[in-house]
Each structure stands twice: as structure tokens, then as C-alpha cells.
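*Asks:* Let me give you the structure first, and then I'll get to my questions.
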Amino acid sequence: MRPGFADPVLDAQAAFRAVMQAMARPGTVQRLAAAPDAPPPIAPAAAAVLLALADADTPLWTDAPEAARGWIAFHTGAPFVAAPEEAAFLLATSAMPPLAGLRAGSDEAPQEGATLIVQVGALRPGAGWRLSGPGIAEAHRLAVAGLPADFPAQWAANAARFPRGVDLVLAAEDALAAFPRTLRIAEEG
């Protein structure tokens, strides 16, 4: 079994802070100083997010192969669910599940919406989509390689459900960025 964090307490706290910074400042890229050596195809940033956030009380769905699922189960204790719509946390290592089919919470309990961790090819600040919303002073730009072509339309439909919806964490190697459900995306060259 591959190890999790080298220093479980300090590294998990650092990963948690990185996720919170990413959520508070949507679209900014956070780098992780220490990331676990997860089995393929799990990216180091995605593994760090799971180790920091998932536990025995968070139903988890992933498309990762069995060896990776065993590593996740050993280090988090999170119970796996068969269908994406049943999960509180999701890890997409290949194809992103459609946002409309994921748990969105309710108007009374929006915090019950799912958090989807998507592994992407690259996160490049200063180019790509124009992002706006809470946590962004004027506008921020981020290019993301590896999301479905219809992602902006899926995201607009997700945002229209506010206060319900899905929150997104993008993971590329040792970097992550977050798209809370309040984020707005404008497609610009």
C-alpha cells in the first residue's frame, strides 16, 4: 500500500487550507507543497483533496480502478457508492459525470450538494474563461484543459439552481483550483 501524507496532520491541514483558499478565491491556482504518492491514475492534488476532506461519513464515488479505490478506502475510510448521484464527494479521473445528475442539496440544506473533484490536464491562469462572482474583486481568467466541451453550459445550469448546486475542485498534478456554485463563467478567447 502506498503511503498517504508524509506528515498526516500537517500535510492534511495544508491541503485543507489550499482547498479553502481556492474556494474563497475562485479560479486562483493553489500549489500543494506536499502531496501523497497516490496510485495511478489519481493525481497528487486530487489525492490530497480526498485525504483532507473525505472520511467515514462522506459517501464517495469514483471512476478510478480498483487498486486506486483500495488506496482511497484505506486512507480515508470513505464508503463507496455505485452511482454518482448518491455521492457527497466524487473523484473523476477520466470523464466528468454530468453536473445535472449530481446531488444539489435542497433550498433548506444547500450544504448537502456534492463536491466534485475533476482531474484535468492543466490549469493556466491569465487566459481562457473570464470568471466572476463572490471572492473575485473584478474578474479573473483561467484556462482549463480537459473539461467537456459543454462544461460552460453545464456550469450555467448548475449556477441557476443556487443556493442548491455542485461545487467543483479541479486538480492538475500538484495544483488545484475551485469553482464554488456561485462562480460565473464567460467564454472569451
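*Asks:* Pairs, please: C-beta under 9 Å, at least 6 apart or cross-chain, first residue closer than 16 Å to P125 by Cα and in region 162-189, second in a strand (DSSP E or B) and of a type in the set (D, E)?
*Replies:* Pairs found: A178/D167; F179/D167.
*Asks:* Exactly one of these conditions fails for M1: (1) at pLDDT below 95; (2) part of a loop (DSSP other than H, G, I, E, B); (3) surrounded by 15 or more Cβ atoms within 10 Å (Cβ to Cβ). Give me its number.
*Replies:* (3)
*Asks:* Could you tell me which residue of region 30-52 is nearest to S94 (Cα to Cα), considering only residues that are in a helix (DSSP H, G or I) and of a type outside the set (V, I, T)?
*Replies:* We begin by selecting, within region 30-52, every residue in a helix (DSSP H, G or I); these are 44-52.
In the following step, the residues that additionally are of a type outside the set (V, I, T) were identified as 44-48, 50-52.
Values: P44: 15, A45: 15, A46: 12, A47: 14, A48: 18, L50: 16, L51: 19, A52: 21 Å.
Taking the candidates together, the pick is A46.
*Asks:* Filter region 89-122 down to residues that are under 25 Å from R69 (Cα atoms) and either out of contact with any Gly (no Cβ under 9 Å at 6 or more places or on another chain) or of a type in the set (V, I, T) (or both), then give me how many there are.
*Replies:* Residues in region 89-122 being under 25 Å from R69 (Cα atoms) and either out of contact with any Gly (no Cβ under 9 Å at 6 or more places or on another chain) or of a type in the set (V, I, T) (or both): 16 in total.
*Asks:* Name the residue, out of A160, A177, A149, A127, that is under 23 Å from L32 (Cβ atoms) and either among the basic types (K, R) or exposed (fewer than 13 other Cβ atoms within 10 Å of the Cβ) (or both).
*Replies:* A127
*Asks:* I've got another one for you. Considering each of A73, A52, A64 in turn, give the residue that is out of contact with any Asp or Glu (no Cβ under 8 Å at 6 or more places or on another chain) and surrounded by fewer than 20 Cβ atoms within 10 Å (Cβ to Cβ).
*Replies:* When all the criteria are applied, what remains is A73.
*Asks:* Taking the criterion of being out of contact with any Ser or Thr (no Cβ under 6 Å at 6 or more places or on another chain) and either of a type in the set (F, W, Y) or under 20 Å from P98 (Cα atoms) (or both), would at least one residue in region 129-136 satisfy it? Reasoning before the result, please.
*Replies:* Just the residues of region 129-136 that are out of contact with any Ser or Thr (no Cβ under 6 Å at 6 or more places or on another chain), to begin with: 129-132, 135-136.
Among the residues that remain, those that are also either of a type in the set (F, W, Y) or under 20 Å from P98 (Cα atoms) (or both) are: 129.
Taking every residue of region 129-136 in turn, at least one turns out to be out of contact with any Ser or Thr (no Cβ under 6 Å at 6 or more places or on another chain) and either of a type in the set (F, W, Y) or under 20 Å from P98 (Cα atoms) (or both).
The values are calculated or read from the model by the stated rules, or taken from the named source; none is laboratory data. Since we're looking at a predicted model, the values are computed, not measured. Here Cβ is always computed from backbone atoms with ideal geometry, including for glycine, and neighbour counts include all displayed protein chains.
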